[in-house]
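The values are calculated or read from the model by the stated rules, or taken from the named source; none is laboratory data. Since the model is a prediction, treat every value here as computed from it, not as a measurement. Every residue, glycine among them, receives a Cβ derived from its backbone with ideal geometry; neighbour counts consider all protein chains shown. Remember, those area values only see protein heavy atoms, side chains included, never the ligands or the DNA or RNA. Shrake-Rupley method; radii C 1.70, N 1.55, O 1.52, S 1.80 Å.
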Amino acid sequence: SESVNIETGKKISAAEVKDLMLTAPGVKLVDNPSQCEYPLALDCAGKFETFVGRIREDESIDNGINMWIVADNIRKGAATNAVQIARVLADDYL
């Protein structure tokens, strides 16, 4: 689990980031505060997806976004990422 702070080159809203996450491969958006639904480590155990939620605009910096990211490090660790990157390189660039 990580709390991530991003500063973009131009302003992007939390709603725009959520829309991007909905279509991002390998990402599952879990961000429903009214139902107390957020990414939890227990929920991602044994899964390959990376869970993202609590997406908020950061008022402390220009163009800032905060989010909470959770993944199963055994499933989605360095080896899985290396294979996925290799596949993209082979399919799209080689």
Grab the chain and count how many Lys pairs have their alpha-carbon atoms under 25 Å apart, sequence gap of 8 or more, or different chains. 9
In degrees rounded to 10, the 0-90 angle between helix 14-23 Cα long axis and the longest Cα principal axis of the chain is 20
Calculated FRET efficiency for the pair Ile74/Leu94, C-beta based, R₀ 30 Å, to 0.05: 0.55
Across Val70, Val83, Val17, the residue with the highest GNM fluctuation in the chain (Cα network, 10 Å cutoff) is Val83
At a Förster radius of 30 Å, what calculated FRET efficiency corresponds to the Cβ-Cβ distance of Ile85 and Ser34, to the nearest 0.05? 0.25
Compute the long axis of helix 78-92 from its Cα atoms, compare it with the longest principal axis of the Cα atoms of the chain, and write down the angle in degrees, 0 to 90, nearest 10. 80
Whole-percent carbon and sulfur contribution to the accessible surface of the chain (1.4 Å, no ligands, DNA or RNA) stands at 55
Scoring only Lys, Arg, Asp and Glu (+1, +1, -1, -1) among other residues with Cβ under 11 Å from the Cβ of Gly64 yields -3
